[in-house]
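To start, the structure under review is shown below, and the notes come after it.
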Amino acid sequence: MDPSTLAVTPALAPPPGVRPDFVNSYSLLPWITATASVCMVLTALVLALRMLTKTVVIRSVDWTDYNALLGFAFYTSFVGCALAINSQRRGRHQWDMSMLTLLETLEVGVLPCAIIATDAAYHSQLENIASIMYCIGIMFAKLSILLLYMKLFVPIRRGGVFWANQVLIYVNGLFYIGAVVALICQCIPRAKISQPRLPGRCTNVYLSFMISGVFNVLSDFFILIFPLWAIWHLQMPLKRKFGVSIVFATGVFALLSSIMRLYYTSQLSYNHDQTFIIAKVALWTTAEVATVLLCGSFPILPRLTQFIKESKKRPRPMTKASNLSCEHHLDGSCCAGTLGSEKSLGTASSEDEHARAVDTSRTLV
C-alpha cells in the first residue's frame, strides 16, 4: 500500500455511527499537558518547602531529602520525555488518525521513507528512555519515604517494625533496579527497539508494564499501611495518633493513582484503541510519581507551620532606641529590667532551641 493511500486510511475501524476526523478530533493531550504542569509545579513547591524546613527549622539535611531530590530530578526527565513524544499520536482515538501517522511512530521499515524511519526511531527510543526515567524516579521517591519511616518509627534496629521496613526498602530497591536493567535490555541489540525488523530479540513490553503495575499497587499499599500500623504501636495520646495518621494517610492518593494506571494498562491487552489507552496510562503515571513525592514531604511540613506559629508568639527584641531611653533614668531601674529581660529572653531562646533539637531527633511530625 503506497503512502498516499495510507494517509487517508483510518488506523482503526471506528465504532458504528462515528466518522473519523484526522484534523480536529478529540485528544487527551491538553489533559496530559495540564496534569504534568500542575504536578511539576506542586511537587517543586512542596519540595522547596521541605528543604526550607530541613535547612532553616530542623537544620539537618539527610539521605531522605537527597533521595527525594533525585526522585524529582528523574521525574522531571520522565515528564519531559513524555511530552516530547509525537503529539499527533498522543491521546487521540486510533480511528481519528491515518494509518500513515500511526506507522510513523509505531513501526520502522514498513515505508520506504527515511524521514518516517527517523521519526519512528526517535519516538520509540524516547518511550524507552521515559520508562527508565520513571522507574528510577519512583524508586528514589519511595526510598525517601521508607528511609523517613526508618528515622521516625525505628529508633532501635530490632523488632517487627524494623524488619518490615527493611523488607520494604530492599524489595523496592531491587525491583526497580531490575526493571531498569530490563528496560535497558528491552531489545538485543537495542537498535531493534526502534527498528523491529532487525534480527534479534525483544521482551514482552505489555507483560513488563503489567508486572510493574501490579508491583506498584502492592508497594504503595504496604507503604501506606506501614506507618499507620507503626503509629498505633507507639505510646502517644489517642488524639495525636489520629492526627499523625491523617498526615500519612495522604498516601492513599498514590495508591489510587497506581490502581488507575494498572487498570488502563490492563486494557492494552484487549482494547484496540491503543493510542487513546496509552495516553491514559501516561496521565496516571504522571500523577502517580507526583503523589509519591508529595506524600514523602507532607509529614515534614507540620514542623514549618509550627515554627511560623512560634515565631509569631515570640516577643520582639529591644531596639537600640529603647536601650538609649533607658539610660536616661537616674535610678537605672529600667536598664536593669531591660538587661534582665534580655537575659531571660536569651535563656528562653536557647532552651527552646535545645528542646526543638531534642524533639527533632525523635520525630519530624
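Laboratory data are not the source of any read-out in this text; all were calculated from the coordinates shown. Bear in mind the structure is a predicted one, so any value in this text is a computation, not a measurement. Cβ placement follows ideal geometry from the backbone for every residue including glycine, while neighbour counts extend to all protein chains displayed.
What pairs from LYS142/LYS313; LYS151/LYS312; LYS54/LYS280; LYS239/LYS312; LYS241/LYS280 go past 31 Å between their alpha carbons? Intermediate results must be reported in sequence, preceding the final value.
Numbers: LYS142/LYS313 37 Å; LYS151/LYS312 29 Å; LYS54/LYS280 36 Å; LYS239/LYS312 25 Å; LYS241/LYS280 37 Å.
Where the Cα-Cα span goes over 31 Å, the pairs concerned are LYS142/LYS313; LYS54/LYS280; LYS241/LYS280.
Can you tell me the length gained on complete extension of the stretch PHE307 to CYS202, counting 0.36 nm per residue apart and subtracting the Cα distance?
Full extension from PHE307 to CYS202 adds 32.4 nm.
Put a dot 7 Å past each Cα toward the Cβ at GLN274 and LEU218; how far apart are the dots in nm?
The answer from the label model is 2.8 nm.
Along the principal axes of its C-alpha atoms, what lengths does the range 23-300 span, in descending order and rounded to whole Å?
Extents along the principal axes: 71, 39, 35 Å.
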